[in-house]
Amino acid sequence: MPTTSTTMSALRSLQPVARRLARPALRTSTAGVPRRLLNTDSAPVLYSTRAKAVGARVGHIEGDDLNVDLTMAKALGGTGDKGKTNPEELFAAGYGACFQSAMNAVASSMGTKMPSARDDSVVETTVHLVGDMKTLDMGLRVDMKVKVKGLEKDELEKIVAKAKEVCPYSRATKGNVTTNIEVVHFD
């Protein structure tokens, strides 16, 4: 039967393992970049929102603070009505805003000050609906242009790389939606 001191010694030897298990899990991807594991089924909810779509691509969307009419883009055979939007445009807006927020959070954690003027940090997001409508084999591709006034290109590229790891949209689309992000000079 083990003694109390043997048991205590064994427990002390397990403390580093217990501390490591208490931290957010990290996994190294095939590219060698550490990646957090988040179980979205059991993670605490930080915010929820809802939207009700009626009429598909030529209908209407209502949400908690949203009220927009939809139109089918001309490129897809629709009328492309002025003042109306479409699912790809909504996705581009959401992804761009979320990615920019991730950049701000990452920059702060890296000790880099982002510009305080809104117009000095810009993420331009283009969402492409790709594939074949006849066979219903479609997907998305995203192109982003990121420019921030006052930051060197290499510094901004580090922020963008880290933001890709933490942005919820980037994490949700990883491996399913090709996302190309280009850091461009701020004019």
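The values are calculated or read from the model by the stated rules, or taken from the named source; none is laboratory data. None of these values were measured; they are calculated from a predicted model. Note that each Cβ is placed from the backbone with ideal geometry, even for glycine, and that neighbours are counted across all protein chains shown. Side chains included, ligands, DNA and RNA excluded: accessible areas come from the protein's heavy atoms. Shrake-Rupley method; radii C 1.70, N 1.55, O 1.52, S 1.80 Å.
Please name all residue pairs, on different chains or six or more residues apart, with Cβ atoms under 9 Å, provided the first residue is in segment 58-73 and is open to solvent by 30 Å² or more (accessible area, probe 1.4 Å) and the second residue is outside any loop (DSSP other than H, G, I, E, B) and of a type in the set (Ser, Thr, Tyr).
Close Cβ pairs satisfying both conditions: Val68/Thr85; Asp69/Thr85.
Quick one: count up the residues across segment 113-125 that are within 20 Å of the chain's Cα centre (by Cα) and either under 14 Å from Val148 (Cβ atoms) or open to solvent by 70 Å² or more (accessible area, probe 1.4 Å) (or both). If you could, list the steps in order and put the result at the bottom.
Our first condition is that a residue be within 20 Å of the chain's Cα centre (by Cα); within segment 113-125, this holds for 114, 118, 121-125.
If we keep only those that are either under 14 Å from Val148 (Cβ atoms) or open to solvent by 70 Å² or more (accessible area, probe 1.4 Å) (or both) as well, we get 114, 118, 121-124.
Matching residues across segment 113-125 total 6.
Filter segment 82-97 for residues that are surrounded by 14 or more Cβ atoms within 10 Å (Cβ to Cβ) and either more than 27 Å from the chain's Cα centre (by Cα) or of a type outside the set (Val, Ile, Thr) (or both) and give the result. Step through it out loud before you land on a result.
Within segment 82-97, the subset surrounded by 14 or more Cβ atoms within 10 Å (Cβ to Cβ) is 84-92, 94-96.
The answer is Lys84, Asn86, Pro87, Glu88, Glu89, Leu90, Phe91, Ala92, Gly94, Tyr95, Gly96.
Within the bounds of segment 126-135, is there any residue that is crowded, with 17+ Cβ neighbours inside 10 Å and aliphatic (A, V, I, L, M)?
Yes.
Could you check Ala10 against (1) at pLDDT 95 or above; (2) hydrophobic (A, V, I, L, M, F, W, C); (3) part of a helix (DSSP H, G or I) and say which number it fails?
Every listed condition holds for Ala10 apart from (1).
Of the residues Lys134, Lys147, only one is assigned to a loop (DSSP other than H, G, I, E, B) and closer than 23 Å to Thr178 by Cβ; which?
Exactly one residue qualifies, and that residue is Lys134.
Whether any residue in segment 149-165 is open to solvent by less than 80 Å² (accessible area, probe 1.4 Å) and closer than 30 Å to Gly55 by Cβ is what I want to check.
no
Quick one: what pairs do we get from segment 123-145, first residue without any contact (Cβ under 8 Å) to a residue 12 or more places away in the chain, second basic (Lys, Arg) and assigned to a strand (DSSP E or B), C-beta under 6 Å, 6+ apart or different chains?
Val130/Arg141
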